[in-house]
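I have placed the structure first, in the form of structure tokens, so that the comments after it can refer back to it.
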Amino acid sequence: MSNLIKTVFFLILSAFLTHLIPFSDFFRNLDTMIHEFGHALVTLALSGKVMYIELFANHSGVTYSQVTSRWSLLPIALAGYTTASLFALFMFRMRASDKQRFGLQVMTAIAIVALILFVRNEFGIFWLLGFIILNTIMLAFMPRWLSDLYYLLLAFLTLEESVFGPFSLILYAWNDPAKAGDATNLSLVTPIPAIGWAMLLTLFSLWCAVRALKLFLGGRKSSRSSRPAYRQQFEE
């Protein structure tokens with residue numbers, strides 16, 4: 001069985017299992033937050049202006065921004081799904097290195113920055129506040145096994161969303177290329193059609209997912225560095 005087939009199998013299985021967990025739907029906006037945060041960061045890096053971000057209860061989101069040049073729309077439109085895929089990989093890399101606490105701190109810091117600087121709609125504000133409070137409780141008061149389990153739930157939910165999100169673009173682009181979100185925006189500034197961009201984004205997300213699951217199946221390394229043992233020989 002190839003790595004790609006294994007990855008698809010694990011994604012479908014984890015999607016089924018995580019949907020059975022109470023309140024798992026609440027955490028799916030983590031991927032949306034990272035997606036929109038990626039748009040915002042690249043916009044600022046290219047000297048654009050981020051007006052505000054909106055996060056919605058149906059796990060969708062939108063970043064309103066102003067840019068000075070047409071070419072900058074290409075990296076900005078690419079940033080959403082690629083950032084989400086890379087962040088999912090980052091989460092599994094942190095788990096493989098036994099650094100779940102650091103990973104949780106990073107996502108909490110992103111949520112705080114998004115709340116202060118970008119998100120302005122009511123649902124988005126309250127979701128971010130709830131997510132930040134819950135993460136803080138996990139970091140400060142919960143036992144290690146529970147916070148690690150919580151982290152693993154977030155990691156798998158983010159991985160699923162990072163793959164199924166761009167995959168859904170293929171369906172949207174097939175039915176109506178003008179309503180395929182970032183793939184549509186990319187097609188407006190390049191000769192590649194929306195469905196082509198949707199397929200490229202999906203392939204990139206699957207590449208990240210394969211690497212993430214390899215890290216998961218490979219187990220965790222202790223965060224403590226082992227010291228080499230030295231043997232000293234004495235001569236009489």
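The values are calculated or read from the model by the stated rules, or taken from the named source; none is laboratory data. Nothing here was measured: the structure is a model prediction, and the numbers come from that model. Heads up, the Cβs are rebuilt from the backbone with ideal geometry, glycines too, and the neighbour counts pull from every protein chain shown. Just so you know, the surface numbers come from the protein's heavy atoms only, side chains and all, with ligands and any DNA or RNA stripped out. Shrake-Rupley method; radii C 1.70, N 1.55, O 1.52, S 1.80 Å.
Miscellaneous remarks
- Index of the failed condition, GLN105 passing every other in (1) open to solvent by less than 70 Å² (accessible area, probe 1.4 Å); (2) within 27 Å of PHE216 (Cβ to Cβ); (3) part of a helix (DSSP H, G or I): (1)
- Residues satisfying the stated conditions in segment 114-127, i.e. part of a helix (DSSP H, G or I) and surrounded by 22 or more Cβ atoms within 10 Å (Cβ to Cβ): ALA114, GLY124, TRP127
- If you filter segment 93-152 down to residues that are closer than 13 Å to ILE53 by Cα and of a type in the set (Gly, Ala, Ser), you find that the one that is farthest from the chain's Cα centre (by Cα) is GLY124.
- Of all residues in segment 36-93, those that are touching a Gly at 6+ places or on another chain (Cβ under 6 Å) and within 14 Å of THR158 (Cα to Cα) total 4.
- PHE27 at pLDDT below 95, more than 23 Å from TRP207 (Cβ to Cβ), among the hydrophobic types (A, V, I, L, M, F, W, C) and under 16 Å from the mean Cα position of the chain (by Cα): yes
- In segment 18-52, the residues that are aliphatic (A, V, I, L, M) and over 18 Å from GLY165 (Cα atoms): LEU20, ILE21, ALA40, LEU41, VAL42, LEU44, ALA45, LEU46, VAL50, MET51
- Boolean, PHE90 is in a helix (DSSP H, G or I), open to solvent by 40 Å² or more (accessible area, probe 1.4 Å), modelled with pLDDT of 95 or more and closer than 13 Å to TYR151 by Cα: yes
- Here the condition is being under 20 Å from ARG28 (Cβ atoms), aliphatic (A, V, I, L, M), touching a Phe, Trp or Tyr at 6+ places or on another chain (Cβ under 6 Å) and crowded, with 20+ Cβ neighbours inside 10 Å; of LEU169, LEU157, LEU186, it holds for LEU157 alone.
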